[in-house]
Structure formats: structure tokens, C-alpha cells
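Report on the following structure.
The values are calculated or read from the model by the stated rules, or taken from the named source; none is laboratory data. If you're wondering where the values come from, they're calculated on a predicted model, not measured in any experiment. Keep in mind that these areas ignore ligands, DNA and RNA; they rest on the heavy atoms of the full protein, side chains included. Shrake-Rupley method; radii C 1.70, N 1.55, O 1.52, S 1.80 Å.
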Amino acid sequence: MSIAVAVTKNGKTVIAADTLSVFGDRRVPMENHRASKIMQVGDTRIAMAGWGLYDNLMTDFLSRGKKPVLAREKEVYAFFLKLWTQLKERYTLVNDQPHPDDESPFADIDSSFLTASRHGIFHISGNLTVTSFMQYYAIGTGSDYALGTLYTLFDVEEDAAVLARRACESAIAFDVNCGGEIDLYEV
């Protein structure tokens, strides 16, 4: 229940996300809890949308080894494949198919991730498909609103940070599961 956006324009790459936590139908007031959905991994920022538990899992997983290099699609894929393997072996609370009616032959991590670095923007889907984007992408429940904003403003606005902030603001304005302050980082 989030919005996370990455934008590259005029040699500048930024990543931004909201800070609201949602537990089912319950929103947590910002004065009581502020959820950071973007973490630093080496020279890369990773945003998460989906289960909040992934923040704990990722923090624990990253504390057990050297920081990965996430510069190319194959490195991003290898990192998330290793994470998935560790989720299955080390964290027994992970389910292969979180959706009982899913007939896909592939497991589903039931969350999505977005990486941004000087090397590019990568989206990691629930089935671990890694996709590279040259200009922008968004994940989370507010992503439709954010992508519409980015599509509309990309040729008009020159500043990547302004684009990312405006996209997050659109998601926060229209999606009930997005909210709070906006964390924004240049990478």
C-alpha cells in the first residue's frame, strides 16, 4: 500500500516514496509512525511496495553479507534470486503461492521493488522479472496515478526531482492507501 517512483532526466536520477503505513483498513497517523520505504544498498536505493515485513527481511538479509553491486539487470536479478532463496531457506514464514487461485508456474514474492542508481532504474515484479526503464517507473497501489502524471509531465518538466515529487503527490491525492510525507533521494 504505497507509492514509489524513480525518474531519470537530464543526467539526474531520483527515487521517491510516501511514508504512510496501512494495516488492512487502518491508517497509522504520521505523528505515531513514519514508514521509510526506501533503503540504501551500496550506491543503489531500493524502494519496496507491498508487505511491510520485507523491510525487516531485507535488513536482516543484507546484514549477513557484503553489499551487492546492482548496476546491471543480471546483477539485480541475481540479488533478488538470492534473496528469494534465502527467504525459502532461512525465513520459513514465506509461502510459494500467496494467491491460492494462481495457476502460474512461478512463485510469487507478493511485493514489488524499484531500484535506482547512476546505472539506471529497474523494476522487480512479484515473480522476480527484472525490467529496465530509461525514463521513469512507479510501483505500489498509487502507481497508476503516478505513471499518468509522469507521462503527462515528462516532456514539460526538466527536473527529475520535481517530476518524482509531483507523481507521488498525485498518488497521495487519489489513492487512499498512499500518504504522509515524501522521501526523495538523488542517486
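Rolling a 1.4 Å probe over the protein heavy atoms gives the chain an accessible area of 53 Å² per residue.
Take each uninterrupted DSSP H stretch in the chain, measure its Cα extent along the helix axis, and return the ones at 18 Å or beyond whose mean Kyte-Doolittle hydropathy is at least 1.0.
Values: long enough: 73-90 (25 Å, -0.56); 160-174 (22 Å, 1.02).
The qualifying helices are 160-174.
Only helices enter this figure: runs of n ≥ 4 DSSP H residues, each worth -39500 (n - 2.57), summed and divided by the residues of the chain, yield -9500 deg cm²/dmol at 222 nm to the nearest 500. Using a cutoff of 8 angstrom between alpha carbon atoms and counting only pairs six or more residues apart, the relative contact order for the range 118-187 works out to 26 percent.
Across the chain, counting alpha-carbon atoms alone, Rg and Dmax equal 16.0, 48 Å.
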